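Colleague: This structure is in structure tokens; I'll ask about it shortly.
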Amino acid sequence: MMMMMTKSMTNEMQMCVNACMECHKMCMETMTYCMTKGGKYMDMTMMTMLRDCAEMCMMCTNMMMAGSEFSDRTCMLCAEMCDRCAITCEKMSDDSKMMECFS
């Protein structure tokens, strides 16, 4: 059974949860967009990065909400993955949806 956090979340943690949820949503939307576009948008490295980033964001959200002692370390890795994902999307700077993912 999952233990729920007994103390309330700090503002910083709530902001992090919100950022993770927004990033997850953006990654999923971008993956769907890329699948619709096809061609160069189906680059395996980029699609894998988008999927991994979305999954990590969801995991971090769940861990923070559960009060996991490991959430700090997973959030650091998540931030690194989100940065790499943004850099990958930036490579398609001629596409406004990809630039949304970058920003």
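Derivation of every value follows stated rules applied to the coordinates shown; laboratory data play no part. Just so it is clear, the model here is predicted, and its values are computed rather than measured. Cβ sites come from the backbone with ideal geometry, for glycine too, and all protein chains shown count toward neighbours.
Colleague: Quick check: the angle from helix 71-90's long axis to the longest principal axis of the chain, C-alpha only, nearest 10 degrees?
Modeller: 10 degrees
Colleague: Using the basic label-point model (7 angstrom from Cα toward the beta carbon), what is the Phe70 to Thr36 distance in nanometres?
Modeller: Those two pseudo-labels are separated by 3.6 nm.
Colleague: Another one. Please give me, ordered by residue number, the trypsin sites (Lys or Arg not before Pro) of region 16-103 that lie in loop per DSSP and have at most 15 other Cβ atoms within 10 Å.
Modeller: Answer in residue order: Lys91.
Colleague: How far, in nm, would the chain grow between Asp52 and Glu29 when pulled straight, counting 0.36 nm per residue and subtracting the alpha carbon separation?
Modeller: Here the answer is 6.9 nm.
Colleague: Would you mind checking the radius of gyration and Dmax of the chain based on alpha-carbon positions, in Å?
Modeller: According to the Cα coordinates of the chain, Rg and Dmax are 14.9, 49 Å.
Colleague: Next question. In the neighborhood of Lys97, defined by Cβ-to-Cβ distances under 15 Å, what is the net charge if each Lys or Arg adds +1 and each Asp or Glu adds -1?
Modeller: Surrounding charge for Lys97 is -2.
Colleague: On to the next question. Cα-based count: Lys pairs in the chain below 19 Å, eight or more positions apart or different chains?
Modeller: Final tally of qualifying lysine pairs is 6.
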